[in-house]
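**Q** Please read through the structure below; I'll follow up with questions.
The values are calculated or read from the model by the stated rules, or taken from the named source; none is laboratory data. The structure displayed is predicted, hence computed values, not measured ones. Virtual Cβ from ideal backbone geometry, glycine too; neighbours counted across all protein chains shown. Surface accessibility is based on the protein's heavy atoms, side chains included, excluding ligands, DNA and RNA. Shrake-Rupley method; radii C 1.70, N 1.55, O 1.52, S 1.80 Å.
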Amino acid sequence: MNDQQKSLLLKASSRTSPPQGAQLSYGTAGFRADGSLLESTVYRMGILAALRSLKTGSVIGLMITASHNKICDNGVKVADPSGGMLTQEWEPFANALANSPDSHTLLQVIEAFVKMVDIPFGGTQEAQVLLGRDTRPSGEFLLEAAKQGVASIVGARSIDMGVVTTPQLHWMVRARNKGMEASEHDYYVQLSSSFRCLLELIPQGNGTNASNNKLIVDGADGVGGEKIENLKKMLSGLCIEVRNCGGGELNEGVGADYVQKEKVVPRGFGPADVGIRCASLDGDADRLVYFLVQPNSEKIDLVDGDKIMALFALFVKEQLSVLDESEDGKTNRPQCTRLGIVQTAYANGAATDYLKQLGLEVVFTPTGVKYLHEKAAEYDIGIYFEANGHGTVLFSENYLCWLENTNKETTEGSEQQKAASRLLAVSKLINQAVGDALSGVLLVEVILQHMGWSIHKWNDLYHDLPSRQLKVQVVDRSAVVTENAETVVVKPAGIQEAIDIEIGKYPKGRCFIRPSGTEDVIRVYAEAFTQEAADDLANSVAKIVDLFLGSGNA
Ligand SMILES: CC(=O)N[C@H]1[C@@H](OP(=O)(O)O)O[C@H](CO)[C@@H](O)[C@@H]1O
Ligand SMILES: [Mg+2]
């Protein structure tokens, strides 16, 4: 690092310092805190994004959002060249940067890291960082901090993509690095044209009737509502009404997180909506759940991420059953397509049973999209979803090549060619970088039409086991260490045995605990045959947690 670079960094970073007393940590979703405390963190992530771009020789993304959290919060996360989450190897560097108490320490941390991972500095290499933010009021000044962070690295420049959804920014990063057109308009063009292609491939005689065709979307008063309005203008064959489009308070009694956790009607919905298909996005539009308003009740029938995954899996499986069999009944590939289903322990047990009964390979990872995505990428086609509605369908590059060839080489209009075309269209419609509520809505809608199904028929695929989630405050949540995709507690000693005794008391009982990655709590999840039993099991395990980890607050 030369003197010019050093003095640039010192000058720029001396303007901001981290919030006093805070220990910042790059969790599953980047850094999150009250928006007013994040200026220095965002500035420093601007530096990190520029360095990552220099190191990889690719475009990097930086998104300013706190997703489903309250409006005064904000956050920052980095998108890697593939459009996926920042590599986990750089997370300790992100933590060290964010927590450096002054500009001299910051410079030392950067110098040591640049040397350690060998980042090309001072040559002709240029760095490029795409910036995006959601609709939060603090987003504007934090975006300025990000710009300054990028500008304090010689050779780096930022491009402001404005107010976008999180998945749009990830999509743009991926598209740019593939040398494709990557504006917001290009995103809508890709989604709408692949949606149209799937509509055209719906078998004759299928298709829901017009009265079934209306969808009401709850935009969480965030960025998603406005963006789905833009997308709508380019679609036909779908009637979408958007509510909670930004007029009310972000995430307050609205949105996918609220609907999934509380299982009640969001603001702006009511008795007039009984029987109509409804969907909720979260504040930055990377989560999606569907629901039905119950007659004479505040409650809803929730169609969560697990059920969206079941719908996608059925559709993909249907196409594979055509593709993996040649006309004479023999497979026409050296081996059948490897289709993987990736869930976390929060997936409802009924969903897992259903998917396994379909003969699908179901695997589990710890909570957090970065783990699910990584696992799904090991398959020809990997479908991953968290129960809360974040997920997507990934296609490997090799498999996409095979599909392209099959599409070209099979008889025009044959069932095989149609199946290959459908899967190719799915790979273009559904975001390959991260879970994306906008592309998710379109894929759900077109599959329902393809199957000729109402939301009721879809919801009836299986029935969720009653479940309950609780949070327990403890002295030190890091005292809980789990393994086996968070289903078994190995520390503190003896706690798993105590939990097992409780589980044994309930037919179909299942229960696990884990430290949250985004809040200072231990989460308890319980499932059982009745709601009362699930509640009891969760409560007794919460007491066990309190007994072992001693806060006296359970
Ligand atoms: C039970 C639950 O919903 N956990 C959420 C939540 O993580 P925790 O580590 O449980 O706090 O936030 C994550 C980031 O948004 C999301 O990936 C995850 O699914
Ligand atoms: Mg989100």
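**Q** Pairs only if they're at least six apart or on different chains, beta carbon under 7 angstrom, first in the range 515-527 and under 19 Å from GLY75 (Cα atoms), second of a type outside the set (D, E, K, R) and in a strand (DSSP E or B); list them, first residue then second.
**A** If the second residue must be of a type outside the set (D, E, K, R) and in a strand (DSSP E or B), the pairs left are GLY517/GLY27; THR518/GLY27.
**Q** Which residue pairs have Cβ atoms under 8 Å apart, sit 6 or more places apart or on different chains, and have a first residue in the range 1-25 that is at negative phi and hydroxyl-bearing (Ser, Thr, Tyr) and a second that is open to solvent by 80 Å² or more (accessible area, probe 1.4 Å) and outside any helix (DSSP H, G or I)?
**A** Listed pairs, sorted by first residue: SER17/PRO101.
**Q** Shifting gears a bit: Could you figure out which of (1) out of contact with any helix residue (DSSP H, G or I) (no Cβ under 6 Å at 6 or more places or on another chain); (2) open to solvent by less than 10 Å² (accessible area, probe 1.4 Å) isn't true of LEU281?
**A** It is condition (1) that LEU281 fails.
**Q** Restricting to the range 405-454, count the residues that are among the polar types (S, T, N, Q), in a loop (DSSP other than H, G, I, E, B) and free of Cβ contacts under 8 Å to residues at least 12 places away in the same chain.
**A** 3
**Q** In the set GLU318, GLU298, which member is charged (D, E, K, R), modelled with pLDDT of 95 or more and either over 19 Å from SER67 (Cβ atoms) or out of contact with any Phe, Trp or Tyr (no Cβ under 8 Å at 6 or more places or on another chain) (or both)?
**A** Within the list GLU318, GLU298, the selection yields GLU318.
**Q** Note down all Cβ pairs under 8 Å where the first residue falls in the range 64-75 and is of a type in the set (A, V, I, L, M, F, W, C), the second is open to solvent by 50 Å² or more (accessible area, probe 1.4 Å) and away from ligand 1 (no atom under 11 Å from the Cβ), and they're at least six residues apart or on different chains.
**A** Within 8 Å, the pairs are ILE71/PRO137; ILE71/GLU249; ILE71/GLU252; CYS72/ASP34; CYS72/SER36.
**Q** Could you please find all residues in the range 275-308 being touching a Gly at 6+ places or on another chain (Cβ under 6 Å) and within 21 Å of SER467 (Cα to Cα)?
**A** Across the range 275-308, the qualifying residues are SER280, ARG287, LEU288, VAL289, GLY305.
**Q** For the range 51-98, name all the residues that are of a type outside the set (A, V, I, L, M) and within 16 Å of ligand 1 (Cβ to nearest atom).
**A** Taking the range 51-98 as the starting set, the residues that turn out to be of a type outside the set (A, V, I, L, M) are 52-53, 55-58, 61, 65, 67-70, 72-75, 77, 80-84, 87-93, 95.
Of everything in the range 51-98, those that are of a type outside the set (A, V, I, L, M) and within 16 Å of ligand 1 (Cβ to nearest atom) turn out to be THR65, SER67, HIS68, ASN69, LYS70, ASP73, ASN74, GLY75, LYS77, GLY84, GLN88, GLU91.
**Q** To continue, here is another question. Condition first: assigned to a helix (DSSP H, G or I), modelled with pLDDT under 95 and not aromatic (Phe, Trp, Tyr). Can you find one or more residues in the range 74-88 that meet it? Explain how you work it out, then say what you get.
**A** First pass over the range 74-88, keeping only residues assigned to a helix (DSSP H, G or I): 88.
Cutting the leftovers down to modelled with pLDDT under 95 gives us 88.
Retained after the next criterion (residues that are not aromatic (Phe, Trp, Tyr)): 88.
Yes; the residues of the range 74-88 include at least one that is assigned to a helix (DSSP H, G or I), modelled with pLDDT under 95 and not aromatic (Phe, Trp, Tyr).
**Q** Another one. Which one of these is outside any helix (DSSP H, G or I) and under 24 Å from MET451 (Cβ atoms): VAL363, VAL393?
**A** Details: VAL363 fails: under 24 Å from MET451 (Cβ atoms).
Testing whether each residue is outside any helix (DSSP H, G or I) and under 24 Å from MET451 (Cβ atoms) leaves just VAL393.
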